[in-house]
Protein chains: 2
Amino acid sequence: MTDPARGTTQRNGTTSPRYGNRPTMKDVAARAGVGLKTVSRVVNSEPGVTPDTERRVQEAITALGFRRNDSARILRKGRTASVGLVLEDLADPFYGPLSRAVEEVARDHGALLINGSSAEDPAREQELVLALCARRVDGLVVIPAGDDHRYLEPEISAGVATVFVDRPAGRINCDAVLSDSFGGARDAVAHLIAHGHRRIGFIGDQPRIHTAIERLRGYRAAMSVAGLPVNEAWMSLGATDPSRVLAAAEAMLSGPEPVTALFAGNNRVTVTAVRVLAARPGRAALVGFDDFELADLLSPGVTVVAQDAAQLGRTAANMLFRRLEGADEEPRQVVLPTRLIARGSGEIPPAHRVTS
Amino acid sequence: MTDPARGTTQRNGTTSPRYGNRPTMKDVAARAGVGLKTVSRVVNSEPGVTPDTERRVQEAITALGFRRNDSARILRKGRTASVGLVLEDLADPFYGPLSRAVEEVARDHGALLINGSSAEDPAREQELVLALCARRVDGLVVIPAGDDHRYLEPEISAGVATVFVDRPAGRINCDAVLSDSFGGARDAVAHLIAHGHRRIGFIGDQPRIHTAIERLRGYRAAMSVAGLPVNEAWMSLGATDPSRVLAAAEAMLSGPEPVTALFAGNNRVTVTAVRVLAARPGRAALVGFDDFELADLLSPGVTVVAQDAAQLGRTAANMLFRRLEGADEEPRQVVLPTRLIARGSGEIPPAHRVTS
DNA sequence: GCCGAATTTGACAACGTTGTCTAGAGGCTA
DNA sequence: TAGCCTCTAGACAACGTTGTCAAATTCGGC
């Protein structure tokens, strides 16, 4: 009924697998009437094989449908030619370009990318990272969810090159590539202040997350520089799911001292904020962290602090491969600048708000 | 200067790598004063080890910082517990959720995901797929760029489970999960016709791509059912970069027989079309294939034919693992329905256009 | 037609793990 | 105490590849 070649019968009676009975170099060698090592030489285009022998081997390879088993090769050579990427959520539009950029650099170095989403859960991050280490990836790019990475110490000192992105490593000294969250946030809030706002709300990510804290610092710094007081009710850090953000925004916009402008701490917050503001009479101003597609086509266009996700990924991957090629410097932190893109939503003056 | 443990000195004088001198089970066994197999048993929580022995082994593992080398394990067991995902571009918002869904299902089955972008290049697709096969991934999820997949035949009959997504395999019989492109396109165009449009333009992807052809077929079917003639100048298939789409849209909107509505063949085309229409006086109607974030907040809201990318990925991954668990059925094609979401841009009547 | 050098070729071990199989140690029954 | 059975433990081979090294072959120059 089924093809006998696909069965699991073994030559030697053991329960070893043979990967669904795929042909090996040994099989190719037998068929071509040459030695095992000669097949290896042909497969790897090593010199020292006569054209005639090479032809016979090639024929046997084609006839049997042989493909080299890279698992065995990896075991023997000790390099996996693969890098691991652990991020928060592949479905988030911020991480798509970042991921793609890492992949491109890896490809340039002949490496494949193994991918995993931590779902912002530190335990899952650790589980993923260690699974990748067990596979002996050559290097790791990590967008951390947790804030304690001491579990990585033995791996790093065993030679797994590691670069953190978007957020620094916790409690270990390690390469990192970050965006200038503090500066970007300060610019965003200064922009709102320049347009006349005095009561400004900040809705950010969970305080466990480094970028959330940095952006909060930037917010406070801008307010402080302008000599403006800050009300605790104007700051809200927490999960960025729509319901939480919606509640936070509503509270700020309708409290006893309602804010006249919002600063949104990341792209998901911004999107929800846009919805909240669109549903309300009398527009409040808005600046968001992270650019997003079509931000310019909304009315008003959404003013944002843009960071270059692809550049973040590219920089990190390049640092990784420099280490893999033997660079033995001290761990570095690279901070990439952000850019304020004014599109209108940040320029709405406070006078426009309705008094309830 | 550097830590001697990280050097490449070998015990036996060969050039073998030892993964940066990481400890192996042999080292653990020596330190714990037990046999190799006993360490293996402890690491894999196999029964038949006394608590005392187990403790000694665990201590040695901790002391040496041992972590099992999965490359060797994979070689021995013949299962890699990893699946490959080849898609067009990880940075495209359509593929993010799809990718994430595949990852989640893989995770439920204890497998990791190896990811690659083909950049819509058939040669690169093949290169990636074969690289994944060489690593002996257990299964493959492929969003094909090419239209001839005979190169996969030896791999599939060697036991690599394979499922195509979004577009069917070319010239081989293989599992596939698709969206109902034909039906969705027909509904979209019927929607425009129902709102009074008679001259409707279609801008789609390259004709090499299956979904582009299907959506064109749906467009033609809807026009035909309504008894409407179709002008060749109203159909444009090609690359979906903004410049090409912009040119095509401008041509259709300003020719001798200008269209009064556009049907955009995928999310990238839709975004560009929104820009073109926003920049023009006298709004033409628009329906797009694929939903996108904030489509409802544009004015007018963009009417779309939505497909569920995550569901596409989930379904494909489930089919894959069913095969891996031994299901030995004929290859199947699953077609998932699409859903028309009316938001306003499709309901603009043709009377609104300006006559030039 | 013979020597030495250069070239081609293959036997063998090793990479780090797991499956099989057998040797002991210990406990139980008669 | 002998005989049997159970349980723990380790020796060994194998997974499919590549590095080393030595054997076999070819070739040029005389």
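See the values below:
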{"read-out": "Subset of segment B:27-40 (residues that are part of a helix (DSSP H, G or I), among the small types (Gly, Ala, Ser) and surrounded by fewer than 17 Cβ atoms within 10 Å (Cβ to Cβ))", "value": "B:Ala30, B:Ser40"}
{"read-out": "Output for segment B:130-139, where each listed residue is more than 7 Å from every other protein chain (Cβ to nearest Cβ), open to solvent by less than 10 Å² (accessible area, probe 1.4 Å) and in contact with a Lys or Arg (Cβ under 9 Å, 6 or more places away or on another chain)", "value": "B:Gly139"}
{"read-out": "Condition met for B:Ala60 (part of a helix (DSSP H, G or I) and either within 12 Å of DNA strand C (Cβ to nearest atom) or of a type in the set (A, V, I, L, M) (or both))", "value": "yes"}
{"read-out": "Residue count for segment B:146-194, restricted to those that are among the hydrophobic types (A, V, I, L, M, F, W, C) and under 23 Å from B:Asp291 (Cβ atoms)", "value": "13"}
{"read-out": "Failed condition for B:Leu113, given (1) hydrophobic (A, V, I, L, M, F, W, C); (2) within 16 Å of DNA strand C (Cβ to nearest atom); (3) not in a helix (DSSP H, G or I)", "value": "(2)"}
{"read-out": "Sole exception among (1) closer than 30 Å to B:Ala91 by Cβ; (2) in a loop (DSSP other than H, G, I, E, B) for A:Glu330, by number", "value": "(1)"}
{"read-out": "Residue in segment B:41-74 that is surrounded by the most Cβ atoms within 10 Å (Cβ to Cβ), counting only those that are polar (S, T, N, Q) and near DNA strand D (Cβ under 8 Å from one of its atoms)", "value": "B:Thr53"}
{"read-out": "Condition check for B:Pro281: over 29 Å from the mean Cα position of the chain (by Cα) and open to solvent by 70 Å² or more (accessible area, probe 1.4 Å)", "value": "yes"}
{"read-out": "The one condition in (1) within 22 Å of the chain's Cα centre (by Cα); (2) in the same structural domain as A:Glu347 (by TED's automatic domain parsing); (3) open to solvent by less than 10 Å² (accessible area, probe 1.4 Å) that A:Ala316 fails to fulfil", "value": "(2)"}
{"read-out": "The lone exception for B:Arg107 - which of (1) within 14 Å of DNA strand D (Cβ to nearest atom); (2) in a helix (DSSP H, G or I) it fails", "value": "(1)"}
{"read-out": "Matching residues, segment B:82-107, being modelled with pLDDT under 95 and of a type in the set (A, V, I, L, M)", "value": "B:Leu90, B:Ala91"}
{"read-out": "Number of the condition not met by A:His195 [criteria: (1) open to solvent by less than 50 Å² (accessible area, probe 1.4 Å); (2) touching a residue at least 12 places away in the same chain (Cβ under 8 Å); (3) touching a Gly at 6+ places or on another chain (Cβ under 9 Å)]", "value": "(1)"}
{"read-out": "The listed residue being within 14 Å of another protein chain (Cβ to nearest Cβ), open to solvent by 10 Å² or more (accessible area, probe 1.4 Å) and under 30 Å from A:Val276 (Cα atoms), out of B:Val269, B:Val274", "value": "B:Val274"}
{"read-out": "B:Leu113 away from DNA strand D (no atom under 12 Å from the Cβ) and more than 19 Å from B:Ala32 (Cβ to Cβ)", "value": "yes"}
{"read-out": "Those residues of segment B:81-100 which are open to solvent by 10 Å² or more (accessible area, probe 1.4 Å) and more than 8 Å from every other protein chain (Cβ to nearest Cβ), in sequence order", "value": "B:Ala81, B:Glu88, B:Phe94"}
{"read-out": "Any chance B:Gly84 is within 27 Å of B:Ala212 (Cβ to Cβ), without any contact (Cβ under 8 Å) to a residue 60 or more places away in the chain and not assigned by TED's automatic domain parsing to the domain that holds B:Pro207", "value": "yes"}
{"read-out": "Cβ-Cβ under 6 Å pairs, at least 6 apart or on other chains, segment A:212-224 side on the phi < 0 side of the Ramachandran plot and not assigned by TED's automatic domain parsing to the domain that holds A:Arg167, far side of a type in the set (Val, Ile, Thr) and assigned to a helix (DSSP H, G or I)", "value": "A:Tyr219/A:Val189; A:Ala222/A:Val189"}
{"read-out": "Unmet requirement for B:Ser299, which otherwise passes all of (1) in a loop (DSSP other than H, G, I, E, B); (2) modelled with pLDDT of 95 or more; (3) among the polar types (S, T, N, Q)", "value": "(2)"}
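One line per residue, one yes/no per condition, for (1) closer than 25 Å to A:Ala106 by Cβ; (2) facing another protein chain (nearest Cβ under 10 Å); (3) open to solvent by 30 Å² or more (accessible area, probe 1.4 Å):
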residue: B:Glu103; (1), (2), (3): yes, yes, no
residue: B:Leu112; (1), (2), (3): yes, yes, no
residue: B:Ala123; (1), (2), (3): yes, no, yes
residue: B:Leu128; (1), (2), (3): yes, yes, no
residue: B:Arg150; (1), (2), (3): no, no, yes
residue: B:Glu153; (1), (2), (3): no, yes, yes
residue: B:Ala169; (1), (2), (3): no, no, no
residue: B:Asn173; (1), (2), (3): no, no, yes
residue: B:Asp180; (1), (2), (3): no, no, yes
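The values are calculated or read from the model by the stated rules, or taken from the named source; none is laboratory data. Because the structure is predicted, anything quoted here is derived from the model rather than measured. So basically every Cβ, Gly included, is an ideal-geometry build from the backbone, and we count neighbours across all protein chains shown. The area values use the complete protein model at the heavy-atom level, side chains included, leaving out ligands, DNA and RNA. Shrake-Rupley method; radii C 1.70, N 1.55, O 1.52, S 1.80 Å.
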